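Notes to accompany the following structure.
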Amino acid sequence: MRTSFPKDRIEIVLLESVHPDGAGELERIGFTVRPHKGALEGDALADEIRRAHVVGVRSKTRLGAEVLAGCERLLAVGCFCAGTDQVDLDAAALAGVPVFNAPFSNTRSVAELTIAEVIALHRRMTERSDALHAGRWEKSAAGSHEVRGRTLGIIGYGHIGAQVSVLAEAMGMRVLYHDIATKLALGNARQIGSLDELMSSSDTVTVHVPDSGVTRGLIGAAQIARMKPGSYLINNARGGVVDMQALADALRSGRLAGAALDVFPDEPARAGDAFTCPLQGMPNVILTPHIGGSTVEAQRAIALDVAGKIARFIDTGSTIGAVNVPEVDLPEQPADAPDRPHRILNFHRNVPGVLGQIHKAAADLGVNVAGQYLRTMGEIGYVVIDIDPSDTDAFNERLRAIPETIRTRVLW
Ligand code: NAI
């Protein structure tokens, strides 16, 4: 479908060094893209994005309500990362601006780091490496194990947990998992109903649950006390899930033989900032600065995923993958057919009677509706109406005049 607006006049500003393949994909489709290396803030940000139709950010650029209000032409925001905390989602929704992200494009990267850590902990690899860097030849088999035949306990069998499961089995590990939902076991993995049983049955426990009120502090002193003597704990999920002090105590006492942490309750905001935590300096403890999902491959997958969602929204009105407005999937329109319906996209405040007003406008004007798709979410409703081409302008005017209308756009 063509937009009512020439594609090359749609300006997309991409900040924070989004992977170039994202810009490449958007340019290939025909949009005008302005990539920037760093994050922007204050007047520099406002000036750069004031006339943009789409703004793409990663985790550092904050798009608050005030900044969004200054962008009159804004159609969509792309968060080229998993999180969307940096954008005022409600303000964007109330302006009829969908926000897209890429929640699962770095899944494999986190799973691979986890597997690397399972082996590294079993072989005390960082300790041996550190000794050699310090000039000591500590050749020894003490405390080193193969992972084959040992048991991996996965807490949270979602996208990442399931990938870890497949990779671990390929190395000959036994896999147990615990999840609040019943999950289809992959391969020979086995779901365990109780967290306590998983903790006491595993040689390595790895955590892959989301951050929530329930999961915060999920692994505390009591849970760690149930772990096998000499076992390992890995947290590549969110810092608040594991009680760091309890973990430090268990490592110091020798009950646990090692741990790997990629996430921390208090993470510095910028690369190069200082960092402290209770596990620093402990042997066989791997600390990484929240880089589980940080690979070139993940960055590229994120860029292509978000670019695709943005392009689909601009071209067809589909909001699939949006986090702050109702998700509406739309059938493909026949390409270049002369009698192809015109498509009206209408974001409105979700109060009773709006659809009635829209239908009345169609009836008053004798508009032939070829298709209609409506979803609501919280305060926002999104309706997409395909109509006969001849009636578009008058119908569009009537929809714009409905007091609850937030924004109307036409595609033809
Ligand atoms: P997901 O949503 O696909 O899976 C999470 C699973 O945890 C679900 O199956 C859910 O039912 C389960 N779960 C929720 N509460 C639970 C509880 N109390 N006990 C047991 N299971 C529970 O999420 P995904 O994509 O697998 O991500 C998992 C975690 O990894 C998230 O915390 C995410 O923030 C983190 N992550 C970390 C990255 C890093 O760079 N280290 C990068 C990407 C994600």
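For the chain, the longest principal axis of the Cα atoms and the long axis of helix 20-29 meet at an angle of about 20 degrees.
Stretched out straight at 0.36 nm per residue, the stretch from Trp412 to Met282 would grow longer than its current Cα-Cα span by 40.5 nm. Residues considered: Val99, Val369, Val241. Largest GNM mean-square fluctuation over the chain, using C-alpha springs under 10 Å, is found at Val369. Full extension of the chain between Ile320 and Asp21 gives 105.5 nm of extra length, using 0.36 nm per residue less the Cα-Cα distance.
Helix 159-170 and the longest principal axis of the Cα set of the chain meet at an angle near 40°.
On a straight-distance basis, which lysines could pair with Lys37 in a cross-link, Cα separation under 21 angstrom, same-chain partners fewer than 8 positions away excluded? Within reach: Lys60. Taking the DSSP beta bridges with both ends in the chain, the antiparallel portion is around 40 percent. Taking amide H atoms as placed 1.01 Å from N in the peptide plane, the amide H of Ile192 lies under 5 Å from those of Tyr177, His178, Asp179, each 5 or more residues away in sequence or on another chain. Of the trypsin sites (Lys or Arg not before Pro) found in region 145-174, those that fall in a DSSP loop while having at most 12 other beta-carbon atoms within 10 Å are Arg148. Mean residue ellipticity, 222 nm, helices only, the chain: the sum of -39500 (n - 2.57) across DSSP H runs of n ≥ 4, divided by residue count and rounded to 500, is -9500 deg cm²/dmol.
Taken one residue at a time, the phi angles of region 194-207 give Karplus couplings (6.51, -1.76, 1.60, θ = phi - 60°) of 10, 4, 4, 5, 4, 4, 7, 9, 10, 7, 9, 10, 10, 9 Hz. Gly and Pro are set to x.
Modelled label positions at Arg9 and Arg73, each set 7 Å beyond Cα in the direction of Cβ, lie 0.9 nm from each other.
Sorting Ile406, Ile320 on solvent-accessible area from highest to lowest, probe radius 1.4 Å, gives Ile320, Ile406. If R0 equals 30 Å, the separation of the Cβ atoms of Asp393 and Ala82 corresponds to a calculated FRET efficiency of about 0.15. Model label points for Ala271 and Asp130, set 7 angstrom from Cα along the Cα-to-Cβ axis, are 2.4 nm apart. Rounded to the nearest 10 degrees, the angle from helix 392-401 to the longest Cα principal axis of the chain is 70 degrees. If R0 is taken as 51 Å, the Cβ-Cβ distance between Met171 and Val351 corresponds to a FRET efficiency of 0.35.
Among Leu26, Leu186, Leu365, the largest mean-square fluctuation in a Gaussian network model of the chain, built with springs joining Cα atoms closer than 10 Å, belongs to Leu365. Taking a straight Cα-Cα cut-off under 21 Å and skipping sequence neighbours fewer than 8 places away in the same chain, no lysines fall within cross-link reach of Lys139.
Among the trypsin sites (Lys or Arg not before Pro) in region 51-97, those placed in a DSSP loop whose Cβ has at most 16 other Cβ atoms within 10 Å are Arg51, Lys60, Arg62, Arg73.
Spin-label model, Ile291 to Glu379: label points 7 Å out along the Cα-to-beta-carbon direction sit 4.2 nm apart.
The values are calculated or read from the model by the stated rules, or taken from the named source; none is laboratory data. Being a predicted model, the structure only gives us computed values, none of them experimental. Neighbour counts are summed over all protein chains in view; Cβ atoms, including those assigned to glycine, are modelled from backbone coordinates with ideal geometry. Remember, those area values only see protein heavy atoms, side chains included, never the ligands or the DNA or RNA. Shrake-Rupley method; radii C 1.70, N 1.55, O 1.52, S 1.80 Å.
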